[in-house]
Amino acid sequence: MATVSVSKGVFTFAEAYKKSKKTKNNSDSWVNSLFICEPWYLQYKENWNLFENEIKQLHHKTYSILLNDIVNYINSFCHLHQCVTPEGVIPTATLLTGVNQPDHVSQFTALMNLIRENVTSHIAMINSQDGTSVKLLVENVVWQLINGFHMLDNSQDDESDDENFEHKKRRLKKNQCTMKALLKWYHSKYVCGSPSKKKHNANTKRLLVVIIPDFESFHCNVLQDFVMIISSYISKLPIILIFGVATSVSALHKSFPYHVSSKLLIKVFHSHSSPVYMNQVMENIFLTHTSPFHLSGKAFELLTDVFLFYDFSVTGLIQGIKYCMMDHYYGDNIKSLCCPREKIDSVVMDLTTEDLENIRQLWSFRAYLEKQNCREKIKLFEDDNFFKEILCKEMLRLHDYLFIFYACVKLFFVFLKDLPKNILGKSVREIYSKCASENITCTQAFKECMQLINFQSQLKLVDSIKNALKEVNLSLQIAAPIKPLRATPMKNNLNHVSFGSDFGYSFIKSVRVHLMTFSRQIENAKNEITTLVTNNTEDLDVDAETPLGNRYKLKEKLLRATRVDKVQSEFEMVRSRFVSFLEEVFTKGLKPPHTQTFYEIIFFNDVSSVKKQIVGSPRGAIHTALSNPIHYLQCKCCVLPSSESVAETLPDVCLAYKLHRECGKHINLYDWLQAFAAVLRPDEDDEQRYQDASVQLRFTRAVAELQFLGFIKSSKRKTDHVMRLTW
């Protein structure tokens, strides 16, 4: 429709309004277009998508029970008459989330979506920055309860455009959102509507849910007043509160006095702690032989240290692993071999001569080369086809090693988890970190663990072996269906098992047979100790005739006559053989990754480059950026003869920063402005420099930026001075 007018204006046509469907912006579309033909990028994308799907499944499995319990609790108040409480008590669910703040967003988003699907569409989620005062908190709550469903839910594309336009016309302004407006809206929608609307809303779920995910960040007085306001309307509005508490329930009781807490019907729900969830993610997704990407011991220790000592964020840990993956794959086609076992042959055939030459430069290949004869060495360097065959063989052998290594790590954990002192750790990730960093069987800690196992009781040892059999059976089920085995170690001797045979299946199968045999032997072994008593009666008779004065010799003869020779019981003998068996298994199965050929392809070990990105030093980075901007800008105009010199081409904030470093504790703004103007306009007079409006504007902006960064603050002692905060 065309509109012609003499004057300029904006024209709105209700009937021509069309709701445009929002298309999802693919943030990495330009990356896909740039690297779409690169083998390393395709393999990275495939592997990370696999990790993401597994993480989503684990996340749903971990939190589904907790979130369903909260939804069931809310559903119990679904009927209107159940929500009406004569004493004004508000149903309240308190979710103890832990201190991992970055993980709360996904958790509460999942909760909100589940409530929207199963309970009600009227939900308000308010963060602390949206509730600095009672008025602002009430406005945001009412706004979201009335309009939030239409604003947040983009799946309602089947609604007509006219209804959307009418809804926008009827939408309240923010300053009109009060509890009275909410009560009026609720009555018009669910209580006093037309018969057709009543019939339409008969099955509509009418609860109003208010979620406060960061309870501790709110001001106590604001929440107290908000609860009392809700309590006065609870007989007319079915409102339910959900508090997200990061510390403990005591924080809620400390924030609310009795007259406020008595208005809340509190039920507490406990979430999994961050270390427990982190252990589940690592053990079920990344610390398995089916994972196409693996972390070395040092890299794994770095990421877990960041998790434990900084933020307790599983989301941050996963993003750190993703960064390691990107750094590992980027620009290197040989990393396309970091793939599932069944794709190795096809990937090796697609490698170019340049890629094969890069593989020959790996340090682990040099150790392999030294073991070959001269003829093999020449063929490995000159014949690409022969080298590809060897590469396929060694990569398959590396996968065999991974299967055995991770199975032995979990087996090792089963026997160590109940030992005193926790010498090597009390989780699979701690044991993996040590086993991947060094040859654990050569350490003193390993010998102490074996000694402690050799002191265990019969019942405890049988129980540990049964748990170990469960882990072994689980590993064999992942590799292949378990076949019935004869419980005879003679048929499955560990000494005749090599890593390259049958996906490591033979090795683990042999371990299983030995465990079954030892379990039966230890369970049936007798624990009685037999003794041999030596009684030399002849010597005693001879000595009886000795003089009474030689009492010392008589005492020795009597002690020798009653000597008892202690002999090991049957259980102790079997237990000693079992400990020797464990030492043999772990010696063969827990060899560190750096002892394997081509381990660099699937193990990430470049810790130094990633540490700068993951464990940042913001103070040093800000100082470098302000004192030497060319380090980041890489421009010719910022080149300086020395780090202390200044130039008019520097950014204003860098120039102001350099000048303020030359001042003392208190900085005179007038002197600072004069020095700033002298650098920008060196050829002009002093009065013309600082009286120029553009110079004053640039200086004011630079000072404001330094104040925002925390280098200066305003001083109350002198109005025309600022105080320096760094030295």
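The values are calculated or read from the model by the stated rules, or taken from the named source; none is laboratory data. As the structure is a prediction and not an experimental result, all values here were calculated from the model. Every residue, glycine among them, receives a Cβ derived from its backbone with ideal geometry; neighbour counts consider all protein chains shown. SASA here: full protein model, heavy atoms, side chains in, ligands and nucleic acids out. Shrake-Rupley method; radii C 1.70, N 1.55, O 1.52, S 1.80 Å.
What's the extension gain from LYS371 to GLU389 if we count 0.36 nm per residue and subtract their Cα-Cα distance? Could you put the intermediate results ahead of the total?
Working: separation 18, 0.36 × 18 = 6.48 nm, distance 1.72 nm.
Once the chain is fully extended between LYS371 and GLU389, it gains 4.8 nm.
What whole-number value in Å² describes the accessible area per residue of region 344-461 for a 1.4 Å probe?
Values: 5940 Å² over 118 residues.
Here the per-residue accessible area is 50 Å².
Quick one: go through region 212-255 and flag any residue whose amide nitrogen is under 12 Å from the point 7 Å out along the Cα-to-Cβ line of VAL99.
Inside the label zone: 246-248.
Just flag the chymotrypsin sites (Phe, Trp or Tyr not before Pro) in region 356-451 sitting in loop per DSSP whose Cβ has no more than 16 other Cβ atoms within 10 Å. Could the numbers behind the result be given before it?
On the way: sites: TRP363, PHE365, TYR368, PHE381, PHE386, PHE387, TYR401, PHE403, PHE405, TYR406, PHE412, PHE413, PHE415, TYR432, PHE446; in loops: none.
Listed in order of number, the matching sites amount to none.
Among the listed pairs LYS426/LYS447; LYS417/LYS509; LYS135/LYS263; LYS56/LYS591; LYS371/LYS588, give every one whose C-alpha distance is greater than 26 Å. Could the numbers behind the result be given before it?
Details: LYS426/LYS447 17 Å; LYS417/LYS509 23 Å; LYS135/LYS263 20 Å; LYS56/LYS591 32 Å; LYS371/LYS588 20 Å.
In this structure, LYS56/LYS591 lie more than 26 Å apart at Cα.
Just name one of TYR368, ILE344, PHE381: the one whose Cα is farthest towards the positive end of the charge dipole of region 336-387 (beta-carbon charges, Lys/Arg +1, Asp/Glu -1).
TYR368
Return the whole-Å distance between the Cα centroid of region 603-623 and the Cα centroid of region 331-399.
32
Between GLU117 and LYS470, 0.36 nm times their residue separation minus their Cα-Cα distance comes to what? Please report the intermediate quantities before stating the final value.
Working: separation 353, 0.36 × 353 = 127.08 nm, distance 3.91 nm.
Difference between extended and current length: 123.2 nm.
Figure the gain on full extension for SER33 and GLN451 (residue separation times 0.36 nm, minus the Cα-Cα span) and round it to one decimal in nm. Write out the running numbers ahead of the final one.
On the way: separation 418, 0.36 × 418 = 150.48 nm, distance 5.87 nm.
Result for the pair: 144.6 nm of gain on full extension.
Using the beta-carbon distance between ASN53 and LYS267 and R0 = 41 Å, what value does 1/(1 + (r/R0)^6) give for FRET efficiency, to the nearest 0.05? Show your work: numbers first, answer last.
On the way: r = 34 Å, r/R0 = 0.82.
That pair, ASN53 with LYS267, gives E of 0.75.
Which entries in the list LYS61/LYS421; LYS45/LYS298; LYS421/LYS460 go over 22 Å, if you measure between the two C-alpha atoms of each? Working shown, then result.
Working: LYS61/LYS421 33 Å; LYS45/LYS298 25 Å; LYS421/LYS460 17 Å.
Pairs exceeding 22 Å: LYS61/LYS421; LYS45/LYS298.
Report the FRET efficiency, 1/(1 + (r/R0)^6), for THR700 and GLU644, where r is their Cβ-Cβ distance and R0 is 30 Å, rounded to 0.05.
It comes to 0.75.
Quick check: pseudo-label points 7 Å beyond the Cα along Cα→Cβ at LYS636 and ASP327, how many nm apart are they?
About 3.4 nm separates the two model spin labels.
At a probe radius of 1.4 Å, what is the per-residue accessible area of GLU87, in Å² to the nearest 10?
140
Test of understanding: extend the Cα→C-beta vector of LEU183 to 7 Å, then name every residue of region 226-261 with backbone N under 20 Å from that spot.
226-241
Does region 408-478 come out rounded, prolate or oblate by the C-alpha gyration tensor, with a ≥ b ≥ c the root eigenvalues, rounded set by a/c under 1.5 and, if not, prolate when a/b is larger than b/c and oblate if not?
Numbers: a/c = 2.03, a/b = 1.09, b/c = 1.87.
Oblate.
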